[in-house]
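This report concerns only the one structure given below.
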Amino acid sequence: MASLQTRLLADGTDDSLPCSPCLTRTWDNGNLSAATDQVADEVPVALEYNGISHAVMLASPDCLEDFVTGFSLTEGIVSTPQEIRDIQVDQGEKGITVKLEIAPACFFKLKEKRRTLAGRTGCGLCGAESLEQVYRQPAPLTTGSRFSAPLLHQAFRQLKSSQILMQHTGATHAAGWLNPEGQLVMIREDVGRHNALDKLIGALARGGIDGAGGAVLVTSRASYEMVLKSAAAGIGFLAALSAPTSLAIRLAESAQLTLVGFVRGQRMNIYTHPERLNRTSESDS
């Protein structure tokens, strides 16, 4: 539960939050006044593998070790976090460079299928050079815990109240992990929904936590890549605040992943594999 706690300063901000004060003017019911707003930081983050540039992302500049670990795993660059030998974060004038040293076999595989990616905040497939690079089929997920509908609604309410960066800036997404006992024990936030999920998956991997038995909650729509990343991490349950896409539903069906959308109020839509969802608050494991 410590991952949900945030240390606040006297003025209500957090000394580690990736946001900055910004002078603004507020128009409120006909009155114009000067104010200071907290704005989410968004910076270019360049990823280098064994000295070779691979991708430049727009991301919130926190939890970057989690981010690059999750990205490397969900993109299939490495199979385990142990194949990442070293991570160095270098702050520059124009952005941040994260230098990863990965196992030689992983680097050889990366060079074989290397592609240039940019701007993943908006589009998960930017930079793909062919249709074959777009469609990846993860292994079918044959295990997974059961969760109740009331528990999911409760978890989303907790997720909302725990989004410290969102509360300060109004500009970020979050991804949270429910453990097999139905407890929301980890949250990561980012300006990009894909980045928030990669940070969460990376944090689980770096912490030695097997995410397969739990569920991922996201405060965004459920795109194809959100399903792909969850399935690549072995997580068989993805619940989203907003809608899925048709391609996401097809992938979830074939990957045997339970996909739930529009988790709002007391309602939700179950799109695939409803066998992992209980109607009542009976045992969720």
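The values are calculated or read from the model by the stated rules, or taken from the named source; none is laboratory data. Computed from a predicted structure; not experimentally measured. Note that each Cβ is placed from the backbone with ideal geometry, even for glycine, and that neighbours are counted across all protein chains shown. Just so you know, the surface numbers come from the protein's heavy atoms only, side chains and all, with ligands and any DNA or RNA stripped out. Shrake-Rupley method; radii C 1.70, N 1.55, O 1.52, S 1.80 Å.
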Check your understanding: Got a sec? Which of Val185, Val218 is open to solvent by 10 Å² or more (accessible area, probe 1.4 Å), closer than 18 Å to Phe156 by Cα and touching a strand residue (DSSP E or B) at 6+ places or on another chain (Cβ under 9 Å)?
Key -> Val185
Study note, to complete from the structure: Subset of segment 78-126, residues within 19 Å of Lys229 (Cα to Cα), part of a loop (DSSP other than H, G, I, E, B) and modelled with pLDDT of 95 or more, comes to Val78, Ser79, Thr80
Review point. Do we have any residue at all in segment 248-260 that's surrounded by fewer than 20 Cβ atoms within 10 Å (Cβ to Cβ), without any contact (Cβ under 8 Å) to a residue 12 or more places away in the chain and in contact with a helix residue (DSSP H, G or I) (Cβ under 9 Å, 6 or more places away or on another chain)?
Key: yes
Revision key, fill the gap. Of Ala233, Ala243, the only residue that is open to solvent by 10 Å² or more (accessible area, probe 1.4 Å), small (Gly, Ala, Ser) and in contact with a helix residue (DSSP H, G or I) (Cβ under 7 Å, 6 or more places away or on another chain) is Ala233
Check your understanding: What is the residue count in segment 200-215 for residues that are crowded, with 23+ Cβ neighbours inside 10 Å, out of contact with any Phe, Trp or Tyr (no Cβ under 7 Å at 6 or more places or on another chain) and assigned to a loop (DSSP other than H, G, I, E, B)?
Key -> 0
Review point. In segment 33-84, which residue that is touching a Lys or Arg at 6+ places or on another chain (Cβ under 9 Å), acidic (Asp, Glu) and closer than 19 Å to Ala105 by Cβ is surrounded by the most Cβ atoms within 10 Å (Cβ to Cβ)?
Key: Glu75
Review point. Which condition number does Cys19 fail, the rest of (1) within 23 Å of Gly192 (Cα to Cα); (2) open to solvent by 50 Å² or more (accessible area, probe 1.4 Å) being met?
Key: (2)
Exercise for review: Out of the residues in segment 1-32 that are over 17 Å from Gly170 (Cα atoms) and charged (D, E, K, R), state the one that is modelled with the highest pLDDT.
Suggested key: Asp28
